[in-house]
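A short worksheet on the structure shown next.
The values are calculated or read from the model by the stated rules, or taken from the named source; none is laboratory data. On a predicted model such as this, the values are computed, not experimentally measured, just so you know. Glycine also receives a Cβ, built like all others from the backbone with ideal geometry; neighbour counts cover every protein chain displayed.
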Amino acid sequence: MLAIQAVRAGGPEVLEVVDVPVPTAGSGQILVRHEAVGLNFIDTYQRSGLYPMKLPAVLGLEGAGVVEAVGEGVSRFAAGDRVAYGNGPLGAYAEFHVVPEDRAVRVPLGVETTTAAAAMLKGMTAEFLLRRCVPVKQGDWVLVHAAAGGVGTILTQWAKALGAKIIGTAGSEDKAALATGNGADHVILYNDEDVAARVREITDKAGVRVVYDGVGAATFQGSLDSLARRGTLVTYGNASGQAPSLTPFELQKRGSLFLTRPTLFDYITTTEELDESAGALFEVIGSGAVKIDIGQTFPLAETRRAHEVLEARGTTGSTLLIP
């Protein structure tokens, strides 16, 4: 089968097309024939060495397709079932992948497998951020960085459905228009405007209750300065590099702030948590409250180019790799 392997840590040039044997499902595992594979920023962190891992390795944590075969003892799925997964195991950049049955979920009727592949990791990230990390309530002011990006488009729509007042940030007029179309009440062009100053202006100097920041280094200071008293900064990604360190006193002097650096994997540690998170995601997709924007697709063999476009901020919404 065709697969994409990172031969060493580095830029997109370390990704190589390889021909490897189709794996076999072992005990408690299912063999998934991919119809689509999700591309995520975490893939670039693993490829670059920011998140160290043993290389060479086939990358990718998210995919959807059809169960080709099941291993011994599997009771959760049968051959022919449509399934998706969004938190590994590593190896999704391939035509087939072996996944533990307790890490996959059934794709419900009415949801395309391509939609599931585009939504699982980003959508479950949005779910835990909005519903469990810092639960958003009616009337809350929320700042969403990269509001036209993969997680940002879902966060914005879902927060709007929860009744939040949303300020998004974007890097261009086109992306600002996308954010507005997804429900952002205000959009700040971060290349042209002082984000914190505009947030204070929009909120009548009060600031926002929560900032969801997947950008990292470039936005960290502005995120802190945008928060209301006792507000929370949720820094969940490193698209521009890791956020800097700070002393606890910086949180005190800005109004008894809270800071957290969560990861999806700690919010879906059990099969029950996984099913609940994915179920909530599929529910808002099915209701129409959240529409999954597949902004671009690439053939699996062109994964290197997909990484280049992603890191150049040339994507909107979700990106799929098609075997």
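So if I check each of A78, A84, which one is surrounded by 18 or more Cβ atoms within 10 Å (Cβ to Cβ) and either small (G, A, S) or part of a loop (DSSP other than H, G, I, E, B) (or both)? One residue alone meets the criteria, A84. Figure legend. Inter-residue proximity from segment 57-74: first residues under 13 Å from V32 (Cα atoms), second residues of a type in the set (G, A, S) and part of a strand (DSSP E or B), beta-carbon distance below 6 Å, spacing 6+ or different chains. Indicated pairs: E62/G38; A64/A36; A64/A84.
Of all the criteria given as (1) modelled with pLDDT under 95; (2) of a type in the set (D, E); (3) out of contact with any Ser or Thr (no Cβ under 8 Å at 6 or more places or on another chain), the one not satisfied by E311 is (3).
Scanning segment 58-75 for residues being of a type in the set (D, E, K, R) and either outside any strand (DSSP E or B) or touching a helix residue (DSSP H, G or I) at 6+ places or on another chain (Cβ under 6 Å) (or both) gives a total of 2. On the given criteria, is P135 within 17 Å of the chain's Cα centre (by Cα) and in a loop (DSSP other than H, G, I, E, B)? Taking the combined requirement at face value, the residue does not satisfy it.
Here T156, T115 are screened, and the one residue that is assigned by TED's automatic domain parsing to the domain that holds G288, crowded, with 19+ Cβ neighbours inside 10 Å and either in contact with a Phe, Trp or Tyr (Cβ under 6 Å, 6 or more places away or on another chain) or of a type in the set (S, T, N, Q) (or both) is T115. Only residues that are in contact (Cβ under 8 Å) with a residue 24 or more places away in the chain and in a strand (DSSP E or B) were counted in segment 172-206, giving 1. From the list A179, A197, A218, A239, the one residue that fits, being within 25 Å of K137 (Cβ to Cβ), assigned by TED's automatic domain parsing to the domain that holds V144 and among the small types (G, A, S), is A179. Checking each residue of segment 53-61 against the condition of being buried (at least 19 other Cβ atoms within 10 Å of the Cβ), of a type outside the set (D, E), on the phi > 0 side of the Ramachandran plot and under 16 Å from the mean Cα position of the chain (by Cα) gives at least one match.
Apart from one condition, A148 fits all of (1) assigned to a loop (DSSP other than H, G, I, E, B); (2) in contact (Cβ under 8 Å) with a residue 40 or more places away in the chain; (3) surrounded by fewer than 24 Cβ atoms within 10 Å (Cβ to Cβ); the exception is (3).
Is it true that R47 is within 23 Å of the chain's Cα centre (by Cα) and surrounded by 14 or more Cβ atoms within 10 Å (Cβ to Cβ)? Yes, satisfied. In this structure, V134 does not satisfy being within 22 Å of G222 (Cα to Cα) and buried (at least 23 other Cβ atoms within 10 Å of the Cβ). Condition check for A84 on (1) under 18 Å from K122 (Cβ atoms); (2) touching a Leu at 6+ places or on another chain (Cβ under 7 Å): one failure, at (2). Applying a threshold of 9 Å to beta carbon distances and a minimum spacing of six or more residues, or different chains, the list of pairs starting in segment 154-171 at a residue that is at positive phi and ending at one that is of a type outside the set (V, I, T) reads G163/K137; G163/Q138; G163/G139; G163/D140.
Screening R132 on (1) basic (K, R); (2) in contact with a Ser or Thr (Cβ under 9 Å, 6 or more places away or on another chain); (3) assigned by TED's automatic domain parsing to the domain that holds L274 shows it passes everything except condition (3). Of all the criteria given as (1) modelled with pLDDT under 95; (2) in contact with a strand residue (DSSP E or B) (Cβ under 7 Å, 6 or more places away or on another chain), the one not satisfied by H186 is (1). Within segment 77-89, identify whether any single residue is under 23 Å from V111 (Cβ atoms) and hydroxyl-bearing (S, T, Y), and answer yes or no. The answer is yes; a qualifying residue exists. The set of residues in segment 262-278 that are touching a residue at least 24 places away in the same chain (Cβ under 8 Å) and either farther than 15 Å from C133 by Cα or not β-branched (V, I, T) (or both) comprises P262, L264, F265, Y267, T271, L274, D275, S277, A278.
Only residues that are under 21 Å from R106 (Cβ atoms) and either in a loop (DSSP other than H, G, I, E, B) or β-branched (V, I, T) (or both) were counted across segment 24-55, and they come to 7.
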